Amino acid sequence: MGTPTDRRAVLHVVTDPRRRGSQAFAHDLDVALRERGRASSIVALAGTGEMPIPTLGPGRLHPRTLRALRRRAGGVGLVIAHGSTTLDACGIALAGARTPFVYVNIGDPRHWANDALRRARVGMMLRRATAIASVSPMGREILLDTHRLAPERVRSIPNGRRPERFLPPDESDRGKARAELGLPAEATVLAVVGALAGEKRVALAIEAFALLADSGSDSGTGAAGAQPADPWLLVAGEGPERAALEALAERRAPGRVVFTGNLADPGPVYRAADVLVLSSTSEGVPGVLVEAGMCAIPAAATDVGFVRDVVVDGVTGALADVGPGAGDPRALVAAIRRVLADRGSMGRAVRARCLERHAMDTVVDAWIALLDEQRR
């Protein structure tokens, strides 16, 4: 006997239970929908992590995982696939099933579908989705142009976070967070938050920090801003590059880089930080920018993907054109110095922008409208 179907219920699917951008958003959306009286649940395809999300099987596209996904989907009216591998998993597992799925595109399609074969495969899977939500208006336009999708099937719904969880710290909050993380109370703290993987290019952030921290070096940027007092770099995240990054930090800035590993709650990192540093080769609208922004922490970021949705250059933070490959750390140093020179006003501006565009209540309204349309 099959699972009874609740046609009003929603099942969110994420890749794994790690606390990364799409997983954090899916979790918050699941909670917010239930708070609005909607039936909602969440599962991960596979893996382990910090978030309380049950997993379906031993691998993201393992046959047992796909069978479990199809069974779970049979008990709901709609599946929401949040990013990357979930598109393939839902496209395969739900082929021919009665339960439709909506795909949330979180990244830059130009990056993850960058050759003809991949574009064809992604396009085929996208056409199996009943609707597609991009986290950025630019992302929507790229999807339409790249995959020739029907415009009415693709819309833009911003990345969202709960503002009550991300509040600007006072001096007491900042001091407690720095003590908890082993940082001096009066330091200038730069923070990197994210996976320690190739696309995040954390080595570039470490190289930039090393130039910034060395008061005897000339970054060659001509950027305004005094030498930061007692600079420290905080790296929050885990990934395959951690050992190499720790070795690089010890060579380039010994004793001044703290690695925290994965954190179930990134709040202390934001409360401890003066500036968020984002050095990625590709992004969508990073959740870490929204979280830091709500805490009134401006960012120095590489100008990639849809980062400009949050970082308005010179207003809510600073953008750096570091070039391809390993990147030019001097350009990132210049961006960091610009933020440090005007941190107060940039912090106020980025908080206002994030509250206006990315507060979860507003985002949930848009999602409820989309879900209701799918049930008609």
>> On C-alpha positions alone, give me the angle between the axis of helix 360-374 and the longest principal axis of the chain, in degrees, nearest 10.
In response: 20 degrees
>> What number comes out for accessible area per residue over the chain if the probe is 1.4 Å? Units Å², please.
In response: 41 Å²
> Relative to the longest principal axis of the chain, what angle (0 to 90°, nearest 10) does the C-alpha long axis of helix 63-73 take?
Replying inline: 70 degrees
>> Along the charge dipole of the chain, pointing to its positive end and built from +1/-1 on Cβ of Lys, Arg, Asp and Glu, which listed residue (G239, F209, S156) has its Cα farthest out?
In response: S156
> Direction-averaged shadow area of the convex hull around the Cα atoms of segment 252-311, nm²?
Replying inline: 4.8 nm²
> Ranked highest first by the average count of other Cβ atoms within 10 Å around their residues, in what order do 342-350, 289-297 fall?
Replying inline: 289-297, 342-350
>> Please give the Cα centre distance for segment 289-309 versus segment 37-88, rounded to the nearest Å.
In response: 29 Å
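Evaluate E = 1/(1 + (r/R0)^6) for T130 and D170, where r is the Cβ-Cβ distance and R0 equals 45 Å; express this FRET efficiency to the nearest 0.05.
0.45
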> Based on the Cβ-Cβ distance of A341 and A150, what FRET efficiency does E = 1/(1 + (r/R0)^6) give at R0 = 51 Å, to the nearest 0.05?
Replying inline: 0.60
> Using the beta-carbon distance between D214 and A95 and R0 = 41 Å, what value does 1/(1 + (r/R0)^6) give for FRET efficiency, to the nearest 0.05?
Replying inline: 0.15
> Shape call for segment 180-338 from the C-alpha gyration tensor, a ≥ b ≥ c root eigenvalues: rounded (a/c under 1.5), prolate (a/b greater than b/c) or oblate?
Replying inline: rounded
> Got a number for carbon plus sulfur as a percent of the chain's accessible area, 1.4 Å probe?
Replying inline: 51 percent
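The values are calculated or read from the model by the stated rules, or taken from the named source; none is laboratory data. Note that this is a predicted model, so its numbers are computed, not measured. Glycine gets a Cβ as well: all are built from the backbone with ideal geometry, and neighbour counts include every protein chain shown. Side chains are part of the model used for accessible areas, which takes the heavy atoms of the whole protein and leaves out ligands, DNA and RNA. Shrake-Rupley method; radii C 1.70, N 1.55, O 1.52, S 1.80 Å.
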